[in-house]
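In what follows, a structure is listed as structure tokens, so that the remarks can point back to it.
The values are calculated or read from the model by the stated rules, or taken from the named source; none is laboratory data. Only a predicted model underlies this, so the values are computations on that prediction, with no experimental measurement involved. Every residue, glycine among them, receives a Cβ derived from its backbone with ideal geometry; neighbour counts consider all protein chains shown. These area figures cover heavy atoms from the full protein model, side chains too; ligands, DNA and RNA do not enter into them. Shrake-Rupley method; radii C 1.70, N 1.55, O 1.52, S 1.80 Å.
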Amino acid sequence: MATQPTIIRSCLLYEFKLGRNATQAAKNICTAFGEGTISERTAQKCFQRFCLGDESIEDLPRSGRPLLVDEDELKDASDSSQTCQELAVRFAVSVETIRLHLHAIGKAWKLSRWVPHKLSIDNKKQRLTICTSLLSRHNVEPFLDRLLTCDEKWIVYNNTKRCYHWLSPDDPIPKTPKPNLHERKVLLCIWWTTAGVVHYELLPTGQTITGLVYSAQLQRVHDLLLVKQPALVHRRGVLLLHDNARPHTARVTQDKLQSLGWESLPHPPYSPDLSPTDFPGKSFKRTAVPRPGRG
């Protein structure tokens, strides 16, 4: 029968108070709880403590025993970048004890995320103002089905990747060459709405997005919308959602949007978590989109 050490010590203290010796106490406890519950030698050690005036029945501190850590204080640690070694010194415990307590309270060791820019107070206020205004507008007049969004994606010609293989013990492991640092690639520009893809283009090699290039693309997208979604252009109106890249905010682009009658939704600066769209991050083969045609 399994018993708690403190219960056994309480019984020993009871026997000690009745004036019995350690041998009698051990015999009585084994009779009550089962043979082998406590040895005579262990009872003698406890009786020695009782004779010295120490009648505590709690475990004595000993080397190697894990120390208690205030998990609330550990959870509220001001600097989350402290390592287990630094926290171990702060709480005067072992590194493994800190690690076990961190896992127990649901903590995980994660690398910080790169962001394009550290937001200033004005950037944060602007982000709050824009997000609040968009939410208020959507509550009054839902506009998600009017959105037209776009993105650019570099597509490499050769998508080399390593594969897993089922091999016998004596089979050689296949080799895959590493991709070059500067792979040949082409820039894909794509626009879509809730109804699907409206237009895509593959820019000629060496060409990048500028204000003039982007404005010309907007005109082609407008012409295709007149054919594919005329109601969006004539009745509901196009709401363009794009980020704050220089070609998107250039004067020539703003003039083009005004001439097309499109409204550009505001977008907070330096907001990667609020990116209007992100074309799938997987690598696409060069043949995934045919070169001829623009629609």
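Whether any residue in region 281-295 is open to solvent by 60 Å² or more (accessible area, probe 1.4 Å), modelled with pLDDT under 85 and at positive phi is what I want to check. So far as region 281-295 goes, no, none of its residues is open to solvent by 60 Å² or more (accessible area, probe 1.4 Å), modelled with pLDDT under 85 and at positive phi. Hey, can you tell me all the residues within region 26-59 that are polar (S, T, N, Q) and in contact (Cβ under 8 Å) with a residue 12 or more places away in the chain? If the condition is that a residue be polar (S, T, N, Q) and in contact (Cβ under 8 Å) with a residue 12 or more places away in the chain, then Asn28, Thr37, Ser39, Thr42, Gln44 are the ones that fit. I'm checking my understanding of the structure. Among residues of region 224-242 that are part of a helix (DSSP H, G or I) and of a type in the set (A, V, I, L, M, F, W, C), which one is nearest to Asp145 (Cα to Cα)? Taking the candidates together, the pick is Leu232.
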